[in-house]
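The values are calculated or read from the model by the stated rules, or taken from the named source; none is laboratory data. Values in this document were obtained by computation on a predicted structure and should not be read as measured data. Cβ: placed from backbone, ideal geometry, glycine included. Neighbour counts: every protein chain shown. Remember, those area values only see protein heavy atoms, side chains included, never the ligands or the DNA or RNA. Shrake-Rupley method; radii C 1.70, N 1.55, O 1.52, S 1.80 Å.
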Amino acid sequence: MHGTITHTASGLAWNAHSGRGVVQTAFVFWCVLLAILLGIGPLEIFQTPFMTSDDAMRLVSVRDLLKGWHWFDFRQVRLDPPEGVVMHWSHLIDAPIAFIIMAFKVFMPTHVAELYALYVWPLLLLLGFLIISAFLALRFAGGGVLAGAILPVCYIPLLYEFRLGSLDHHNVQLMLTTLLVLTILNSFRRPLFAVISGAIAALMLAIGIETLAFIVAAIAAFGLRWIWDRSGSGDRLLRFALSFAAFTGIFFFLTTAPSRYAVAQCDALSPAYLLASLLTALGCILLVSGSCYLYRKLLRIPAAIGVGICALTIIGLVFPQCLQGPYAEVDPMVVSLWMNYITEAQGLLYTVQNMPKDIVLYYTMPFIGLCICLFCIWFRRGERLWDWIILLMFLALAFGIALIQVRGAKFAGALAIPVGAWLIVRATTYLKSQDHVARRLVGVIGSWLLFVGVFHLSIFESMAGIQLERNLNSSSSSSNKELYVCIGVKQMRHLNTLPPGLILAHSNLGAYILLETHHSVVAGNYHRNAKGLLDSIHAFNVPKDQGYELIKKQKVKYIVTCPTQKHFREDGKTAPDALAHALNDGKPPLWLKPIQSPEKDVLLKVYEVK
């Protein structure tokens with residue numbers, strides 16, 4: 001990028017060489033935000049590191065790596081022992097976090113170094129995301145760099161992924177997805193970016209399958225450009241496909257044990273996805289090689305579709321289970337009793353019925369961005385039209401995913417930010433010519449507020465009133481605040497005074513117990529822990545006598561409960577005399593011996609199995 005940019009959307013001016021100016025603007029805003037968050041702490045998610053169960057399990061994995069655990073060993077031996085659970089996560093995220101802890105351990109104790117890592121890792125990722133967002137704003141708005149840096153902080157679902165304590169891979173996936181869009185757009189001017197796009201797509205695949213849809217969108221973006229534009233687009237398509245296949249192979253051998261080279265797994269990078277990347281490269285080679293014969297769009301479209309169908313057919317013949325989705329191999333009972341009740345995996349209908357406030361929180365800004373993006377495509381011509389088309393592909397895909405699973409709204413919000421920057425710059429430029437000061441002020445502020453999620457939520461809450469809050473508070477779903485009262489060192493300290501043993505607890509507590517104690521647990525919130533999840537659900541919900549037999553068979557030593565985490569089956573099929581009812585009523589059976597904590601404010605209740 002070359003030239004000089006001037007950003008005046010908020011009355012502030014910044015003149016610099018474009019690339020350097022973008023980085024400087026994002027960095028200065030990040031420093032200001034950091035000073036506010038750490039000094040004043042106006043946002044609850046930044047005041048104290050809150051770790052979700054995924055964050056806690058990530059730190060457990062990092063500790064294992066620092067203890068000398070083999071790079072290719074992904075087992076959690078204390079989760080549903082004695083076999084343990086082979087996790088589907090990659091050490092590619094564990095390694096940099098471990099490096100941060102090792103660096104701080106030179107100057108401080110290990111537990112303090114871990115605490116610093118909880119701050120440093122997400123804040124570094126936030127800085128990276130703000131820089132990428134600012135570059136996208138510059139790309140679409142010809143300015144608006146400050147808007148590109150500020151708007152991500154105004155969208156709470158997106159900001160939550162960069163809160164202090166966030167060690168999970170979702171923030172990395174958000175950053176890489178937006179970076180993928182940026183490199184795709186730049187690739188049509190600089191061919192090297194097509195190679196970089198392929199590497200980013202492969203890295204996304206290696207980190208987690210959740211972004212698989214966006215990788216497919218990247219392939220489609222290069223393919224569509226080749227179909228409609230013959231000037232150099234074939235070269236970009238080929239560079240991307242070959243890079244994607246090559247780096248997928250590199251990451252496969254970097255993260256997969258030799259003993260698992262032939263094991264097909266649909267929920268992680270495995271031979272199934274390696275084959276898919278190779279077929280993608282082969283298909284693109286065939287298409288580009290035949291470009292001289294496919295000189296019309298009407299010929300290229302069926303050719304591309306035919307190559308895609310052939311690739312899917314081969315994958316279906318070799319790995320038929322993976323055509324049903326990443327979780328096709330999960331036990332159907334686990335799906336019906338656990339996965340179907342994960343809040344973030346619910347769609348729009350569930351959100352409307354149970355969490356109406358979240359509709360505004362998650363969907364308003366992405367929807368506005370989608371509408372404006374369609375408007376820009378309708379009235380735009382020339383080279384920049386393809387920028388908007390590619391952005392629309394990713395934004396529409398993310399919004400469609402959000403309608404099925406609310407977690408997709410975070411990606412949709414991230415991809416809507418360049419649209420917001422465009423609107424702010426255009427509104428500011430237009431209104432500068434207006435003589436009416438009040439009109440100019442209202443117009444500029446209005447263009448900002450359209451993409452400020454906090455404002456949308458405030459308006460909705462003021463209109464909905466107290467009744468909405470009552471409905472939300474009566475929801476049976478457990479919030480992070482409810483879980484927070486039962487986790488942490490203080491709550492778990494009592495458990496560490498007891499001899500090591502296997503603990504049966506709510507799956508929400510599993511990862512925290514592994515993190516803060518020397519005990520093992522039956523269940524955690526992970527689909528590969530299918531046996532442990534089912535054992536836990538059955539033990540609490542079948543008649544007490546049957547539950548006792550299951551508990552003894554599992555060799556459970558302790559049962560741990562939290563008053564905010566109920567053990568009843570989500571489908572309501574809990575036996576009248578089940579252990580879940582007895583513990584909820586404070587009447588444990590005779591075969592459970594209560595173990596009192598010496599500290600009065602400890603909410604966890606511990607029982608020893610006789």
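Numbers below:
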{"quantity": "Cα-based reach from Lys593 at 17 Å (exclusive), listing aspartates and glutamates while leaving out same-chain residues under 8 positions away", "calculated": "Asp545, Glu549, Asp585, Glu608"}
{"quantity": "Anisotropy class of the range 51-117 from Cα gyration tensor, a/c 1.5 cut", "calculated": "prolate"}
{"quantity": "Charge dipole (debye, nearest 20) of the chain; +1 at Cβ of Lys and Arg, -1 at Cβ of Asp and Glu", "calculated": "1080"}
{"quantity": "Solvent accessible area, Å² - His91, 1.4 Å probe, full protein context", "calculated": "10"}
{"quantity": "For the range 537-610, alpha-carbon Rg over 2.2 N^0.38 Å", "calculated": "1.08"}
{"quantity": "Dipole axis of the chain (+1 Lys, Arg; -1 Asp, Glu on Cβ), positive-most option in Gln353, Leu423, Ala511", "calculated": "Leu423"}
{"quantity": "Prolate/oblate/rounded call for the range 218-371, Cα gyration tensor, a/c under 1.5 rounded", "calculated": "oblate"}
{"quantity": "Stokes-Einstein D (µm²/s) once Rh is taken as the Kirkwood radius of the range 487-610 over alpha-carbon pairs, at 4 °C in 1.567 mPa s", "calculated": "90"}
{"quantity": "Values of log10 I(q)/I(0), in the order q = 0.05, 0.06, 0.10, 0.11 Å⁻¹, for the chain under a Debye, Cα-only, solvent-free model", "calculated": "-0.25, -0.36, -0.98, -1.16"}
{"quantity": "Entries of Lys105/Lys410; Lys531/Lys610; Lys67/Lys566; Lys410/Lys557; Lys357/Lys555 with Cα pairs more than 32 Å apart", "calculated": "Lys105/Lys410; Lys67/Lys566; Lys410/Lys557; Lys357/Lys555"}
{"quantity": "Sites excluded, GluC sites (Glu not before Pro) in DSSP loops with at most 11 other C-beta within 10 Å, longest stretch of the chain", "calculated": "84-382"}
{"quantity": "Lys/Arg +1, Asp/Glu -1 at C-beta; the chain dipole; positive extreme among Val60, Leu279, Cys562", "calculated": "Leu279"}
{"quantity": "Backbone HN-Hα couplings from phi across the range 128-137 [Karplus 6.51/-1.76/1.60, Hz, Gly and Pro as x]", "calculated": "x, 5, 5, 5, 4, 4, 5, 5, 5, 4"}
{"quantity": "Share antiparallel - DSSP beta bridges, the chain, percent rounded to 5", "calculated": "75"}
{"quantity": "Size of the range 304-429 as Cα extents on the principal axes (Å, biggest first)", "calculated": "57, 43, 17"}
{"quantity": "Chymotrypsin sites (Phe, Trp or Tyr not before Pro) restricted to DSSP loop in the range 222-307 with at most 13 other C-beta within 10 Å", "calculated": "Tyr261, Tyr293, Tyr295"}
{"quantity": "Partnerless Cys - the chain, beta-carbon criterion under 4.7 Å", "calculated": "Cys31, Cys154, Cys284, Cys292, Cys310, Cys371, Cys373, Cys376"}
{"quantity": "Surface share of carbon and sulfur [accessible, 1.4 angstrom probe, percent] for the chain", "calculated": "65"}
